[in-house]
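What follows is calculated from the coordinates using simple rules that are stated; it is not laboratory data. Bear in mind the structure is a predicted one, so any value in this text is a computation, not a measurement. So basically every Cβ, Gly included, is an ideal-geometry build from the backbone, and we count neighbours across all protein chains shown.
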Amino acid sequence: MIAYTIRRILIAVPTLIIVLTITFILVRIAPGDPAEVRLGDYATKESVEALRKEMGLDKSMWAQYLETLKGLLHGDFGRSMINGRPISEEIKRSLPYTVQLTLMGIIFGAIFGIPTGVYTALKRNTLSDYIGRTLSLGGLSFPTFYLGILLMFAFSIKIPIFPVVGGGDIHNLADNLHHLALPGLTLGLIMTAYVTRMARSSVLNTLNEDYVRTARAKGLTERKVIYKHLLRNSLLAITALIGVYAIVLIGGSVMVEIVFSRPGLGKMMIGALKQRDYTTLQAVMIIFASLVVLINLITDLTYGLIDPRVRYK
Amino acid sequence: MKKNGKHRKILTTFLKNRTSLIGACISVAMIFIAIFAPWISPIDPLKQNVYYRLTPPERGHLLGTDEYGRDVLSRIFTGTRISFFVGIVSVILGMVIGTGMGMLAGYAGGKVETALMRTLDIMMAFPDEVFGVMVMIVLGTGVENVIIAITVLMIPRFARMGHAPTLALKEQDYIAAAKSIGASDSRVLMRHVLPNIFGDILVMSTLWLGTAIRLEASLSFLGVGVPPPTPTLGSMVRAGVDFMGVAPWVSVFAGLAILVSIFGFNLLGDGLRDITDPKLYAR
C-alpha cells in the first residue's frame, strides 16, 4: 500500500505542474495588459510602465513563471491585479463556502442516489425501474443553473422560506445552513441523478459476475446473495466512481454560486473574469484543478485500500 | 441480404425501445424548430416594443415578452437555432479530431501515445465550465469562439473513446493480416479499426450533443458566450433572473427549451446505447 501511495502521489505532482503551466500560458495570452487594465483608459504611458515594473511584468516570461511557481510552493498566490490585495486571503474567505456546498452536494447525492440506483437495478425492467431511470436521466439533462433558478423561484419567491441570495454568516451555524439549503439541494439533486445511474449500472454489472451465480447455485437465499455478495462488491465500485464526478460537482458549484450569489470560488472566478483580474483568475483555476486532482487521488487511494487488486496493476 | 436483415433487426429493436423513440421524436421536433426558426417565429426576435415590456403570456405573445418587449417565443426559437448549430458543429469537430487523435495514439503507441493521452487527461482535470470560461477569455466572445471552446472540451472525451478500442483491436489477427498484405497504416485505421468503433462513437456523440448544448447554455448564462443582441437560451435565462418576481416566464420558458433539447438527446442516446450493447441481447 505504501508503494502504491507513493507511486500515485508521484503521478499527481507532474499533473499539477502541467495544470499550472497551462493556466499560466492561457492567462498570459489572454487579451489586455494587466497594468493597463488596472490603471484604466486614461493612464499615461509612463505610469503604465512604472506599474508594469512594480508588478514584475517587465521580466521575461520564464522569470515570471518561476516566480509564480515559487510563490505557489509557499502558498502565495500573488496579489489581485485590480485591488492589489493578496489573493490568498480572498481564497481563505471563499473556500469554506465552496467546500460546504460541494460536501452537501455529494452527501445528498450519495444518500439518495445509491439506494435508488441499487433498488432500480434489482427491480430492473419493472415500472419502478422505468420511473427511476427516466427521473435520473431528467436530472442529468437539467442545466444546474436552471434547476437552481426554479428552486429559487419556488422556495424563495413564491413561498419565501429560504433566502434568495448570499452565503450567510459562516460563524452562525443556523444562518449558515439556512443559506446553504437551496444551493445544496440544487447541487444535491443533480448529483443524485449521476449517482443513481452509476449505482444502477454498477449493480447490473455485478449481477453478471460468476460469484453471484455461484452464490445462487449453492442455494443461498436471494436476500443473502444480495446483501453478502452483490452489494458488498458493487458498493466498492460506487465509492470509487464518486470521485469521477468530482468534476461535475465542482463545475456545478460554480453555476450554483452564480445563481444564488453565494460567496465561493466560482463567484470569485466569474467576478475576476468580469474585471479581467487575471492573477485572481489564475489562482482560482489552479485551486479548482488541484481540488479535482486531490479528490481523484483520495478516491484512488481509498479504492486501493479496499481492493488490493488495484495496487498491483 | 444479410446486412439488410441486421439493419432491420436494429430498426425493429429501435421502434420497440420506447425511450429512444420518444427521444428521437423530441430531438427531431427541436431540430425542426432550429432549422426553421426564422420562418416559424411569429415576430422578429430582435424587435423591441416599450409598450409591451414584461407582458405575461397572451394572444400575440404566446410566451410573453422580456424587459425590452421582445417576444419570448420568437427569441426561444432563434436561441434554439444557435444552441443546436453550436452543439452539432462542435460535436462533429470534436468527434473527428478527438477520435482521430485517440486512434492515432492507440495505434502508434510509445511516446506519442503517452504524451497525447496524458495531455488530454490533464485537460479533463478542469471542470467543463471552468475550462470553457478560460478558453472564452482567451478567444473573446462570439459564435465561432464558443464552437472552438466546446470542441476543445469534446476532444478528450472522443479521444478516450477512440483510444481504448484501438489498443485492443490492433492486436487482432485480421489487423496483422491486413498489414502483411501491405495495407498502409492509414488504410488499417480507416478501413479496419474505424468501422469497428464507429457505432459506439455515434451513440456517444448523441449523448454528448446534450452535453454540448448544456455547455453552450452555461457559457452564455455566465456571459461569455454568443454576445447580445443575438438571443441565446442561456443569456435569456440570465436576463430573466432579475425579473423573476414579476415576470418568471422569461427564464422559465427559455430554460425549459434547454432542458427539453438536452433531455431529447439523452433519451435517444441512452436508448441507442441499450440497443447497440450486445450484452443486452444475451439477457
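Remarks
- Value of D in µm² per second that Stokes-Einstein yields for chain A, Kirkwood Rh from Cα pairs, at 25 °C (0.890 mPa s): 110
- Cα point-scatterer Debye curve for segment A:172-313, base-10 log of I(q)/I(0) at q = 0.11, 0.13, 0.22 Å⁻¹: -0.60, -0.76, -1.29
- Here segment B:16-148 is treated with +1 on each Lys and Arg Cβ and -1 on each Asp and Glu Cβ, and its dipole about the Cα centre works out to around 340 debye.
- Taken as entire DSSP H runs, the helices of chain A that both span 30 Å or more between Cα atoms along their own long axis and average 0.0 or more on the Kyte-Doolittle scale are A:2-29, A:87-122, A:173-207, A:278-306.
- Modelled label positions at A:Asn125 and B:Thr276, each set 7 Å beyond Cα in the direction of Cβ, lie 2.3 nm from each other.
- For a straight C-alpha distance cut-off of 20 angstrom, the aspartates and glutamates reachable from A:Lys59 (same-chain residues fewer than eight places away being disregarded) are A:Asp33, A:Glu36, A:Glu46, A:Glu49, A:Glu67, A:Asp76, A:Asp277.
- Scaled against the 2.2 N^0.38 Å expected of a compact globular protein of N residues, the Cα radius of gyration of segment A:175-233 reads 1.72.
- The Rg/Rh ratio of segment B:124-283, with both radii computed over alpha carbons and Rh defined as the Kirkwood radius, is 1.12.
- Using 0.36 nm per residue and subtracting the Cα-Cα separation, the extra length available between B:Thr119 and B:Ala176 on full extension is 17.6 nm.
- What the pair-distance distribution of the protein assembly as shown shows, using all Cα-Cα distances binned every 10 Å from zero, is 3, 14, 24, 27, 19, 9, 3, 0, 0 percent.
- All Cα pairs of chain B, percent lying beyond 29 Å: 44
- Split chain A at each of the chymotrypsin sites (Phe, Trp or Tyr not before Pro) in a DSSP loop with at most 11 other beta carbon atoms within 10 Å, and the longest piece is A:43-311.
- Estimated FRET transfer efficiency when R0 is 22 angstrom, pair B:Thr13-B:Met190 (beta carbons, to 0.05): 0.20
- Comparing A:Gly188, A:Gly84, A:Gly117 in a Gaussian network model of chain A (Cα springs below 10 Å), the most mobile by mean-square fluctuation is A:Gly84.
- Length released on extending from A:Val99 to A:Ile29, taking residue separation times 0.36 nm less the Cα-Cα span: 22.1 nm
- Each part gets one Cα centre, and for segment B:159-227 versus segment A:140-210 those centres are 33 Å apart.
- A:Arg213 versus B:Tyr51: modelled label distance in nm, points set 7 Å from Cα along the beta carbon direction: 7.6
- The alpha-carbon atoms of segment A:221-302 define a convex hull whose volume equals 96 cubic angstrom per residue.
- Chain B - mean residue ellipticity at 222 nm from DSSP helices (-39,500 (n - 2.57) per run, n ≥ 4, rounded to 500): -25000 deg cm²/dmol
- Residue by residue along B:134-141, Cβ atoms of other protein chains within 10 Å of the local Cβ number 5 on average.
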